[in-house]
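Peer 1: My structure is below; once you've seen it, I'll send some questions.
The values are calculated or read from the model by the stated rules, or taken from the named source; none is laboratory data. Values in this document were obtained by computation on a predicted structure and should not be read as measured data. Cβ atoms come from the backbone with ideal geometry, glycine included; neighbour counts cover every protein chain shown.
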Amino acid sequence: MENYLKRIASGVFFVFLFGILTSFVGYLLRLVLTANLTPAEYGLYYSCLSLIGLFSLFKDFGLNGSLIYHISKFKAEKKFKKLNASVFTVLFIQIIPALIIATIIFFSSDFIAVNYLHLSKNLVFGVLVIKVLAIVYFIQIFYSVVLSILQGFQLMNFFAIVDFCRMLFYFILTFIFISLSFSVLSPALGFLISYIFVILIFSPFALKLIPNFKKLHLEIFDKKLAKKLFFYGFPIMLSSAAGLIIGYTDTILITIFKSLEEVGIYQTAQPTARLLWFFAGSFTTVLFPLVTELKTKKIKGLEKGVSLIYRYIWVIIIPFALMSFSFSREILNLFFGSFYSSGSNVLKILSIGAIFFSIVQVNGCVLNGLGKPKNYTKIVYIGAAINLILNLVLIPIIGITGAATSTLLTYIVMFLFSFAELKKFVKIKIPVITWLKTLIIGLISLSSIYILKNLLFVNIFLEVFVCFCVSIFIFIVLLLLFKVVELDETLNLVRKIIKK
């Protein structure tokens, strides 16, 4: 079990490091877009992305999650023929529906631009953006399979590098197209070409991981295996559908009920809060295939690893969530401009939501890794239903603040239900006392931030730096004082990362 804890620690560190770099580049991209596009154009692009994203369900079918699970399983069982077949079976299944839907979106672009985006002035650009994103929709299946192969083989270093490279290409190409005056079409073209580049570069490496991949042919398609892949993937597909509702309906409903300008404001606050997701995302990316392997090999100790993650994930995320909460207006004003700072309340609400969602991500990952995706599906569907109802009620009344409030309440409900489902299969002890201590310590640190903000009259960068350093110092001292974390245990984890 010690080896698995080491793999979790080192894998999380690398994925987290590149996740931060990827997020940084993605944030730079948004800075470039808000600086060079009008709020309406910026909102237009992300309204289109949200709509296209909602159709992702009809090309994935939960098969990418199923592929990760089965690659890990067949690798542990040394059933390499089935491993090979699973990769190509998934790819063959996804190609035709993805092509059909991409074609429908492509040729319906005029209708979407008029009836969904309500465009008149920028109609041509809106139509072109939708057409380009329709092509991306199809190409993404190859990218997703490459990532699934890397994650299934637990090559988390390469997994993290691939996504970073895609985002870097996306940023560079978008910047070039903006310089060439392609306007709102710039990010769409950058998005498309970045996927093409990364697929061409990394596909050969991913395919070489598959034993005897050069000898494969169309007969590799396995009908019995396809049924197994669908059987495991169907609940994931259902949870993905609900996840898409949670992830995209807020932007879509803001587009319908409000304006593209408000979409633009929301799409600066929301991704800023989602930067906090990478803390949990780093854990879950590494944890999923490891849980499957532990279960397949019947190795004990899962409870210990998950309990450790529960403790440390809040210790890591809370200070950053509180900084985001405290400096919400300053962050948006500094990076995006005064127009977008009106989304400060959205950022405050979603920063708190990220704390609860971090645990939902971990619990969902463990359930899927244990081969219990149906149980996670139940959680996500409950969340999706609540989110959709609240969005329909609150967005027409209080706009983007209503969308953020709906999301926060959804995460809290999912947080509670995720434990109810997980405890059916794993003897998890919920660290309520530890979390309460962490929250109280976080609130004490938060109070120090507000005291310093009233005392300091300096440059905003210096103010943020001083507040961050002082609050983190107080946070760490209190964590050690109240024994939320042990110094020896933390140093031991650091040594595991370094030795890797």
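Peer 1: Among (1) in contact with a Ser or Thr (Cβ under 9 Å, 6 or more places away or on another chain); (2) β-branched (Val, Ile, Thr); (3) closer than 24 Å to residue 269 by Cβ, which single condition is residue 379 missing?
Peer 2: All conditions pass for residue 379, except number (3).
Peer 1: Quick check: anything in the range 376-394 modelled with pLDDT under 90, buried (at least 24 other Cβ atoms within 10 Å of the Cβ) and polar (S, T, N, Q)?
Peer 2: yes
Peer 1: Among the residues of the range 19-60, write down those that are charged (D, E, K, R) and closer than 25 Å to residue 165 by Cβ. Don't jump to the end; show me each part of the working.
Peer 2: First, pick out the residues of the range 19-60 that are charged (D, E, K, R): 30, 41, 59-60.
Matches in the range 19-60: 30, 59, 60.
Peer 1: Follow-up. Return the residues of the range 335-374 that are surrounded by fewer than 22 Cβ atoms within 10 Å (Cβ to Cβ), in contact (Cβ under 8 Å) with a residue 12 or more places away in the chain and more than 20 Å from the chain's Cα centre (by Cα); say none if nothing qualifies.
Peer 2: Matches in the range 335-374: 335, 337, 339, 341, 342, 344, 345, 370, 371, 372, 374.
Peer 1: Right, another one. From the set of residues in the range 456-483 that are at pLDDT below 80 and aliphatic (A, V, I, L, M), which is farthest from residue 442 (Cα to Cα)?
Peer 2: 458
Peer 1: Across the range 395-417, what is the total count of residues that are under 13 Å from residue 251 (Cα atoms) and either out of contact with any Lys or Arg (no Cβ under 7 Å at 6 or more places or on another chain) or hydrophobic (A, V, I, L, M, F, W, C) (or both)?
Peer 2: The number of residues fulfilling the criteria is 9.
Peer 1: From the set of residues in the range 64-78 that are charged (D, E, K, R) and more than 20 Å from residue 235 (Cα to Cα), which is surrounded by the most Cβ atoms within 10 Å (Cβ to Cβ)? Break it down into steps so the answer makes sense when it comes.
Peer 2: Filtering the range 64-78 for residues charged (D, E, K, R) gives 73, 75, 77-78.
Then drop every residue that is not more than 20 Å from residue 235 (Cα to Cα), which leaves 75, 77-78.
Details: 75: 20, 77: 12, 78: 7.
This residue is 75.
Peer 1: For residue 108, work out the one condition from (1) touching a Gly at 6+ places or on another chain (Cβ under 6 Å); (2) polar (S, T, N, Q); (3) surrounded by fewer than 17 Cβ atoms within 10 Å (Cβ to Cβ) it doesn't fulfil.
Peer 2: The number of the failed condition is (1).
Peer 1: Identify, from the list 100, 71, 112, 95, the residue that is in contact (Cβ under 8 Å) with a residue 12 or more places away in the chain, of a type outside the set (D, E, K, R) and out of contact with any helix residue (DSSP H, G or I) (no Cβ under 6 Å at 6 or more places or on another chain).
Peer 2: Numbers: 100 fails: in contact (Cβ under 8 Å) with a residue 12 or more places away in the chain; 71 fails: out of contact with any helix residue (DSSP H, G or I) (no Cβ under 6 Å at 6 or more places or on another chain); 112 fails: out of contact with any helix residue (DSSP H, G or I) (no Cβ under 6 Å at 6 or more places or on another chain).
Sole residue among the options that is in contact (Cβ under 8 Å) with a residue 12 or more places away in the chain, of a type outside the set (D, E, K, R) and out of contact with any helix residue (DSSP H, G or I) (no Cβ under 6 Å at 6 or more places or on another chain): 95.
Peer 1: If we scan the range 431-442, do we find a residue that is outside any helix (DSSP H, G or I), touching a residue at least 12 places away in the same chain (Cβ under 8 Å), β-branched (Val, Ile, Thr) and in contact with a Lys or Arg (Cβ under 8 Å, 6 or more places away or on another chain)?
Peer 2: Our first condition is that a residue be outside any helix (DSSP H, G or I); within the range 431-442, this holds for 431.
Then keep just the ones that are touching a residue at least 12 places away in the same chain (Cβ under 8 Å); that gives 431.
Subsequent filtering for residues that are β-branched (Val, Ile, Thr) retains none.
No, that holds for no residue.
Peer 1: Tell me which of these residue 422 doesn't satisfy, since it passes every other one: (1) buried (at least 20 other Cβ atoms within 10 Å of the Cβ); (2) modelled with pLDDT of 90 or more.
Peer 2: Of the numbered conditions (1) buried (at least 20 other Cβ atoms within 10 Å of the Cβ); (2) modelled with pLDDT of 90 or more, the odd one out for residue 422 is (2).
Peer 1: From the residues in the range 133-172 that are of a type in the set (S, T, N, Q) and at pLDDT 85 or above, which one is farthest from residue 51 (Cα to Cα)?
Peer 2: The initial filter retains those residues of the range 133-172 that are of a type in the set (S, T, N, Q), namely 140, 144, 148, 151, 154, 157.
In the following step, the residues that additionally are at pLDDT 85 or above were identified as 140, 144.
On the way: 140: 15, 144: 19 Å.
Looking at residues that are of a type in the set (S, T, N, Q) and at pLDDT 85 or above, I get 144.
Peer 1: Out of the range 155-176, which residues are of a type in the set (S, T, N, Q), more than 23 Å from residue 32 (Cα to Cα) and buried (at least 22 other Cβ atoms within 10 Å of the Cβ)?
Peer 2: Of all residues in the range 155-176, those of a type in the set (S, T, N, Q) come to 157, 174.
Now narrow it down to the ones that are more than 23 Å from residue 32 (Cα to Cα): 157.
Across the range 155-176, there are no qualifying residues.
Peer 1: Among the listed residues 51, 57, 29, 17, which satisfies the condition of being under 22 Å from residue 274 (Cα atoms), surrounded by fewer than 20 Cβ atoms within 10 Å (Cβ to Cβ), modelled with pLDDT of 85 or more and not acidic (Asp, Glu)? Walk me through it before giving the result.
Peer 2: Numbers: 57 fails: modelled with pLDDT of 85 or more; 29 fails: surrounded by fewer than 20 Cβ atoms within 10 Å (Cβ to Cβ); 17 fails: modelled with pLDDT of 85 or more.
Just a single option satisfies the conditions, and that option is 51.
For (1) of a type in the set (D, E, K, R); (2) part of a helix (DSSP H, G or I); (3) over 22 Å from the mean Cα position of the chain (by Cα), each residue gets a yes or a no:
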{"site": "42", "(1), (2), (3)": "no, yes, no"}
{"site": "47", "(1), (2), (3)": "no, yes, no"}
{"site": "59", "(1), (2), (3)": "yes, yes, no"}
{"site": "82", "(1), (2), (3)": "yes, yes, yes"}
{"site": "88", "(1), (2), (3)": "no, yes, yes"}
{"site": "95", "(1), (2), (3)": "no, yes, yes"}
{"site": "102", "(1), (2), (3)": "no, yes, yes"}
{"site": "105", "(1), (2), (3)": "no, yes, yes"}
